Ligand SMILES: Nc1ncnc2c1ncn2[C@@H]1O[C@H](COP(=O)(O)OP(=O)(O)OP(=O)(O)O)[C@@H](O)[C@H]1O
Ligand SMILES: [Mg+2]
């Protein structure tokens, strides 16, 4: 039986740089844009977890940014729950897809405390009753193992790992159907990494949340994901079940990446 799909990326091409104008085309001027993602297709099953791996600059973050409407889609489709969400170059981002970026600071307003930032999400979208907002924020901060005082802290007074966890808490405030993480745990120490991974695993089990994770850490993909997608120079080198891809890689680049893994695991 076919597994239902929550998110699918179909033949996605993303190019950076200025599009050639009509005059450029008439003059047969060469298209000098850089193709960061080149005909990439994969599916995220409902309730499933997919890990995207590949060397630095291979286009992993660009795939995620295209899903979130933050990178220019040249061609191809992104479907959420069966509906195409990229109508033009940029995707409209449903609230039920939440992403935590490689640079965790971007999700937090520098002028607001973490408590205010997350409260705003809950209040604006009416996720909980007004008198329950503070309690829910504290619950979310506790879930990502942040100390209580962080409620009152500004991002500038927090460590990279704390900002990362606050960004995860903010994303979880939306009760997302799809949680997307770019190098989620790279700024965290090993103990907190395990806490955050266990939390995501547990949320996946309890809420049926689907996850799309980008990481350099292949162990993390093994621990968290059912399927792996290996990207190389913007193309998919190999994809499939995590065990198949990691234990019996078919592609030469996948083999090299996996063989080199102990050197790049953080
Ligand atoms: N805004 C941009 N303008 C032009 N080129 C870009 C832009 N963003 C990324 N690129 C280029 O696209 C390619 C893919 O970048 P991307 O950030 O997707 O790589 P990545 O696989 O996430 O790398 P890393 O593991 O280092 O985060 C790189 O060559 C990068 O230089
Ligand atoms: Mg990246």
(request) Considering (1) under 14 Å from the mean Cα position of the chain (by Cα); (2) crowded, with 20+ Cβ neighbours inside 10 Å, say which one residue 218 fails and leave the rest. (result) (1)
(request) Of the conditions (1) within 15 Å of ligand 1 (Cβ to nearest atom); (2) within 17 Å of residue 98 (Cβ to Cβ); (3) surrounded by fewer than 23 Cβ atoms within 10 Å (Cβ to Cβ), residue 66 clears all except one; give me its number. (result) (3)
(message) When you check residue 36 against the structure, is it crowded, with 19+ Cβ neighbours inside 10 Å, within 29 Å of residue 219 (Cα to Cα) and modelled with pLDDT of 95 or more, yes or no?
(response) yes
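Yes or no, residue by residue, for (1) within 16 Å of ligand 1 (Cβ to nearest atom); (2) under 24 Å from residue 68 (Cβ atoms):
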{"position": "143", "(1), (2)": "no, yes"}
{"position": "156", "(1), (2)": "no, no"}
{"position": "183", "(1), (2)": "yes, yes"}
{"position": "197", "(1), (2)": "no, yes"}
{"position": "201", "(1), (2)": "no, yes"}
{"position": "212", "(1), (2)": "yes, yes"}
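Given the criterion surrounded by fewer than 17 Cβ atoms within 10 Å (Cβ to Cβ) and within 17 Å of the chain's Cα centre (by Cα), identify the matching residue among 21, 96. Before the answer, list the steps.
Numbers: 21 fails: within 17 Å of the chain's Cα centre (by Cα).
Answer to the check: 96.
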(message) Here are the criteria: (1) at pLDDT below 95; (2) more than 15 Å from ligand 2 (Cβ to nearest atom). Tell me which single one residue 50 does not satisfy.
(response) (1)
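Looking only at helices (runs of 4 or more DSSP H) that fall completely inside region 195-266, which ones have 3 or more residues that are touching a helix residue (DSSP H, G or I) at 6+ places or on another chain (Cβ under 7 Å)?
Numbers: elements: 218-224, 242-247, 252-259, 261-264.
Filter on region 195-266 gives 218-224, 242-247.
Determine whether residue 242 is surrounded by fewer than 19 Cβ atoms within 10 Å (Cβ to Cβ) and more than 16 Å from ligand 2 (Cβ to nearest atom). Even if it seems obvious, please write down each step before you answer.
Numbers: surrounded by fewer than 19 Cβ atoms within 10 Å (Cβ to Cβ): no; more than 16 Å from ligand 2 (Cβ to nearest atom): yes.
So residue 242 does not fit the description; no.
Among the residues of region 77-89, are any within 16 Å of ligand 2 (Cβ to nearest atom), surrounded by fewer than 21 Cβ atoms within 10 Å (Cβ to Cβ) and at pLDDT below 95? Before the answer, list the steps.
We begin by selecting, within region 77-89, every residue within 16 Å of ligand 2 (Cβ to nearest atom); these are none.
No - not one qualifying residue is present in region 77-89.
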(request) Check residue 84 against each of (1) in contact (Cβ under 8 Å) with a residue 40 or more places away in the chain; (2) away from ligand 1 (no atom under 16 Å from the Cβ); (3) more than 26 Å from residue 220 (Cα to Cα); (4) under 19 Å from the mean Cα position of the chain (by Cα) and name the one condition it does not meet. (result) (1)
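The values are calculated or read from the model by the stated rules, or taken from the named source; none is laboratory data. These figures come from a predicted structure and were not determined experimentally. Here Cβ is always computed from backbone atoms with ideal geometry, including for glycine, and neighbour counts include all displayed protein chains.
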